[in-house]
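Notes follow once the structure below has been shown.
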Amino acid sequence: NAGVTQTPKFQVLKTGQSMTLQCAQDMNHNSMYWYRQDPGMGLRLIYYSASEGTTDKGEVPNGYNVSRLNKREFSLRLESAAPSQTSVYFCASSERLFYGYTFGSGTRLTVV
Amino acid sequence: KQEVTQIPAALSVPEGENLVLNCSFTDSAIYNLQWFRQDPGKGLTSLLLIQSSQREQTSGRLNASLDKSSGRSTLYIAASQPGDSATYLCAVRMNRDDKIIFGKGTRLHILP
């Protein structure tokens, strides 16, 4: 039982490059989330998807886009990476919205 | 705006001791409160969830209490072990917008 799988685990980007962080869950959860974790800031919600076909902005959506490809997959795209987007990114899922999270192991992104 | 505070930011205690981690929040209009554990380089693992109508929840050596009126929750760990070393985060889910707000965590180190 894999739970929530994120790829890649590590990534270094140059300023202005684009990339997509992938997330997949195998628990048949309805809701999925992207968070970023920064030292001294705690976890902050970027985007979430309450159910397949819907996405909503969280606390810090600027500079990001998301796609809920199907019930299993929720991707996060950085169109033009900036050093301020250096962070650890976590994907999570839950059966009910904002209730009972399962987290992935994270993607450590560095933008130089 | 809800603020979730965890003090201290770091704590070291000898193995075998009982300990209490604290979480405070400024807005008592919460739906529930969760405690998570995060190991270095890993995602978050849910430990306990307390509904706003509950006073406490127990799981093994862990006991979480909630005093909504005073804006406080505690996580009690009995007979601490080196394997308990991790960062512990609390998170509140609000009534008004269902968003979950995380504290910055307490980094716990159990000394063998």
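The values are calculated or read from the model by the stated rules, or taken from the named source; none is laboratory data. Here the structure is a predicted model, which means the values were calculated and not measured. When we count neighbours, we look across all protein chains shown, and the Cβ atoms used for this are built from the backbone with ideal geometry, even at glycine.
Residues of the range A:102-112 that are away from chain B (no Cβ under 14 Å), surrounded by fewer than 19 Cβ atoms within 10 Å (Cβ to Cβ) and in a strand (DSSP E or B): A:THR110 alone.
Selection of the range B:72-93 for residues being of a type outside the set (Phe, Trp, Tyr), under 19 Å from B:GLN57 (Cβ atoms) and within 13 Å of another protein chain (Cβ to nearest Cβ) yields B:LEU89, B:CYS90, B:ALA91, B:VAL92, B:ARG93. Taking the range B:20-55 as the search range and keeping residues that are more than 17 Å from B:HIS109 (Cβ to Cβ) and either of a type in the set (Gly, Ala, Ser) or in contact with a helix residue (DSSP H, G or I) (Cβ under 9 Å, 6 or more places away or on another chain) (or both), which one is modelled with the highest pLDDT? Looking at residues that are more than 17 Å from B:HIS109 (Cβ to Cβ) and either of a type in the set (Gly, Ala, Ser) or in contact with a helix residue (DSSP H, G or I) (Cβ under 9 Å, 6 or more places away or on another chain) (or both), I get B:SER24. For the range A:10-23, a tally of residues being out of contact with any Pro (no Cβ under 9 Å at 6 or more places or on another chain) and either buried (at least 21 other Cβ atoms within 10 Å of the Cβ) or at the interface with chain B (Cβ under 9 Å from one of its Cβ atoms) (or both) returns 1. Return the residues of the range A:8-37 that are β-branched (Val, Ile, Thr) and either within 11 Å of A:LEU76 (Cα to Cα) or touching a helix residue (DSSP H, G or I) at 6+ places or on another chain (Cβ under 8 Å) (or both); say none if nothing qualifies. Answer for the range A:8-37, where residues must be β-branched (Val, Ile, Thr) and either within 11 Å of A:LEU76 (Cα to Cα) or touching a helix residue (DSSP H, G or I) at 6+ places or on another chain (Cβ under 8 Å) (or both): A:THR15, A:THR20.
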